[in-house]
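Dropping the structure in here first, questions after.
The values are calculated or read from the model by the stated rules, or taken from the named source; none is laboratory data. Fair warning: this is a prediction, and the values are worked out from it, not measured in the lab. When we count neighbours, we look across all protein chains shown, and the Cβ atoms used for this are built from the backbone with ideal geometry, even at glycine. Note: accessible area is taken over every heavy atom of the protein model, side chains too, but ligands, DNA and RNA are not part of it. Shrake-Rupley method; radii C 1.70, N 1.55, O 1.52, S 1.80 Å.
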Amino acid sequence: MFRINDNFLQLAESYLFSEVARRIAAFKEENPAADVIRLGIGDVTIPLCQAAIEAMHTAVDDEANAATFRGYGPEQGYPFLREAIAEHDYRARGVEIAPDEIFVSDGAKSDTGNIGDILATSNRVAVTDPVYPVYVDTNVMAGRAGTPMPEGGFSRVIYLPVTAENGFVPELPEEKADIIYLCYPNNPTGTALTRSQLKKWVDYAAANGSLILYDSAYEAFIRQDDVPHSIYEIEGAKKVAIEFRSFSKTAGFTGVRCGYTVVPKELKGLDSEGREVGLNHLWNRRQCTKFNGASYISQRGATAIYTPEGQRQAREAVDYYMGNAAMMLAELRKAGFEVFGGENAPYVWLKTPAGTDSWAFFDLLLKECQVAGTPGSGFGPAGEGYFRLTAFNTRENTREALRRIVARFG
Ligand code: MLT
C-alpha cells in the first residue's frame, strides 16, 4: 500500500487555533446561554473600508463584462498592485524594492508555510519561542524539524526564548542557524524590535550565510519611531532576508485573502555543489507551478488601500484596534496582571496568575468570565505561563470582556 508523509505524525493532534475553537464550541454546547467574547484568534471585526469595497464592486463589474473580463492573472500578481506596493510600502520609506521582487499571494500564512519548498531540508531552523505555530509546523511537515522532545519542541529546531526575563528580545543563537524566522511586531507577544536590535540579526545572517524569513504582517500597528516597518530599512538586509506582508490585519482582508512576499534579486543561496542561486528566480518558479495568483477582485481591493482615502480609512481601523489595546493594557494592569506588548501590535501578552498554567487559565477564563483567549504554551514551550489576548474585537466587546476580568481578578 502507498505510504503517507510520516512527518505529519509528529505534529500535535490539531493546529493551535483549531484546538481553541474546538474547546470554545464544547463550552458553548454545554452552556448554550453563555455569551462568550472571543479574544483568541487574531481575526478582525471592522468591515472592509469603503475604498476597498468600491474597488471590489468595480472589479466584479469588470468580470461581468466581456470587454473587461479577466481570467487567469499573472502568478506573481497584477502590475497595478505590485507597483503600488513598491511605491507606498517601500519607496515612501526610503527603500527601493522593484515590482518584480514582489509576489502577491493569498496571504502571509500560506507564503511563510510554502517558502520551505525552495530551501533544503538539511538547513537548521531557528525560531523565537513562543512563535506563530505555522513556522514550526511547516518545518515538521517538511522533515526539517527532527523529532518531538519530551520537554516540548523539536530536536533540530533552535529555540530562541523571548520572555519577560530578556525583555522579549531574542539572543543570537549559540549553534549556527541557517534559517531564522523573525516576526516583528511579534505575534504572539505583541512586542517589537528597534532598528538596532534588528540590525544585529541582519549582521548575524550576513556573517553566517543565514537567511532571515521576516514576517511583518503587523507593521501597520507600529507607533514607535525607532521600530522599523520593514527589514529592508536595515542596510544589507536585501542580501539576507525575505519579507512577508499581509492585508489581513492592516486592511481587514482576513476573509478576502491577499498578501505578498518580497524576494530581493540580490538574495542568493548555495546549491548542493556550492554554486550561488538567486532565490527570486526559485520562488517565481515555485509560484508559477503551484499558484495561479490571488483573485483579480481581491487585488483591486488591495490596490485601493494605497489611495489617499484607502490609506486614511485603513488607518482608522488600525487606530481603533490600538485603542482597544491601550484599554486592555490599562485595565489588565488594574486587575493586577503583568502585561506586555500592545504598544506596537494588536496583541497583549500577560502572565497567568501564579500556579496556573496557560491551558488551565484558558479554561478558567472561559468558564468564569466567558472570555476566550489563546494559551501561551500553544505557541511554544517558553510560552507556558503566559496568555494572549487580541485587540481585534469591537470596543464594546473588549470593554465588556475587561469588565468581567477585572471583576473576577481585580
Ligand atoms: C493569530 O491569531 O495568530 C493570527 O490571526 C493567525 C493568522 O494570522 O493566521
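Counting other Cβ atoms within 10 Å of each Cβ, which GluC sites (Glu not before Pro) in region 330-362 have at most 10 and sit in a DSSP loop? Could the numbers behind the result be given before it?
Numbers: sites: Glu331, Glu338, Glu343; in loops: Glu338, Glu343.
Passing sites in region 330-362 do not exist.
Right, next: If you roll a 1.4 Å probe over region 9-55 with all protein chains in place, what percent of the accessible area is carbon or sulfur?
53 percent
Once you sort the root eigenvalues of the Cα gyration tensor of region 211-285 as a ≥ b ≥ c, which label holds: rounded (a/c under 1.5), prolate (a/b larger than b/c) or oblate (the other case)?
It comes out oblate by the Cα gyration axes.
By accessible area of protein heavy atoms, probe 1.4 Å, what ranking do Cys49, Cys288 get, highest first?
Reading off the accessible areas and sorting them downward yields Cys288, Cys49.
When DSSP assigns beta bridges and you keep just the ones with both residues in region 84-185, what percent turn out antiparallel, to the nearest 5?
10 percent
Report, to the nearest whole %, how much of the accessible area of region 301-410 belongs to carbon and sulfur atoms, 1.4 Å probe, protein only.
Values: 2110 of 4070 Å².
Carbon and sulfur together cover 52 percent of it.
Measuring from centroid to centroid over Cα atoms, what is the spacing of region 123-164 and region 35-91 in Å?
33 Å
Which whole-angstrom value gives the distance between the alpha carbon centres of region 246-309 and region 174-210?
Region 246-309 and region 174-210 have Cα centres spaced 21 Å from each other.
What length, rounded to one decimal in nm, is gained on full extension from Asp319 through to Lys239, with 0.36 nm per residue of separation minus their alpha-carbon distance?
Full extension of this stretch gives 25.4 nm more.
Place a point 7 Å from Cα of Ile4 in the direction of its Cβ. Which residues in region 136-162 have their backbone N less than 19 Å from it?
Of the residues in region 136-162, 137-148 have backbone N under 19 Å from the label point off Ile4.
Can you bin region 1-154 into rounded, prolate or oblate? Criterion: square roots of the alpha carbon gyration tensor eigenvalues sorted a ≥ b ≥ c, rounded for a/c under 1.5, prolate for a/b above b/c, oblate for the rest.
oblate
For the chain, what is the accessible area per residue in Å², given a 1.4 Å probe and the full set of protein chains?
On a per-residue basis, the chain sits at 43 Å².
Whenever you get a sec, line up Arg388, Arg395, Arg195, Arg38 from highest to lowest accessible area (probe 1.4 Å, protein heavy atoms).
Numbers: Arg388 0, Arg395 60, Arg195 90, Arg38 130 Å².
These residues rank, largest area first, as Arg38, Arg195, Arg395, Arg388.
Using a 10 Å Cβ count of at most 13 others and DSSP loop calls, identify the longest part of the chain lacking such chymotrypsin sites (Phe, Trp or Tyr not before Pro).
On the way: sites that count: Phe2, Phe69, Tyr72.
Value returned for the longest uninterrupted segment is 73-410.
At Glu368 and Ala354, where each label point lies 7 Å from the Cα along Cα→Cβ, what is the point-to-point distance in nanometres?
1.6 nm
Let me ask another. Taking region 272-380, which trypsin sites (Lys or Arg not before Pro) meet the DSSP loop condition and have no more than 16 other C-beta atoms within 10 Å?
Those satisfying the criteria are Arg275.
Return, ordered by residue number, the residues of region 380-403 whose backbone nitrogen is under 20 Å from a label point located 7 Å along Cα→Cβ of Lys200.
Taking a point 7 Å out along Cα→Cβ of Lys200, the residues of region 380-403 whose backbone N falls under 20 Å are 382-383.
Can you list the equivalent-ellipsoid semi-axes of the chain, largest first and in whole Å, using the square root of 5 times each Cα gyration tensor eigenvalue?
Working through the eigenvalues yields semi-axes of 32, 28, 21 Å.
Helix-only mean residue ellipticity at 222 nm, the chain, DSSP H runs n ≥ 4 weighted -39,500 (n - 2.57), per residue, nearest 500. What is it?
So the helix-based figure for the chain works out to -11000 deg cm²/dmol.
Let me ask you something else. Using a Förster distance of 35 Å, how high is the FRET efficiency between Met149 and Glu276, based on the Cβ-Cβ distance and rounded to 0.05?
Numbers: r = 35 Å, r/R0 = 0.99.
For R0 = 35 Å, the calculated efficiency reads 0.50.
Still on this structure: Need the full-extension length gain, Asp226 to Asn65, defined as separation in residues times 0.36 nm minus the C-alpha distance. One decimal, nm.
Full-extension gain reported as 53.1 nm.
Sticking with this one: In whole Å, what is the distance between the alpha-carbon centres of region 336-379 and region 1-21?
First find each Cα centre; the distance between them is then 25 Å.
Carbon and sulfur together cover what percent of the accessible area of region 63-154 at a 1.4 Å probe radius?
Values: 1960 of 3800 Å².
Carbon-and-sulfur percentage of accessible area, whole number: 52.
Can you tell me the length gained on complete extension of the stretch Thr58 to Asn31, counting 0.36 nm per residue apart and subtracting the Cα distance?
Once the chain is fully extended between Thr58 and Asn31, it gains 5.3 nm.
Still on this structure: Loop only by DSSP, 15 or fewer other Cβ within 10 Å of the Cβ. Give me the GluC sites (Glu not before Pro) in region 1-108 that pass, ordered by residue number.
Glu13, Glu96
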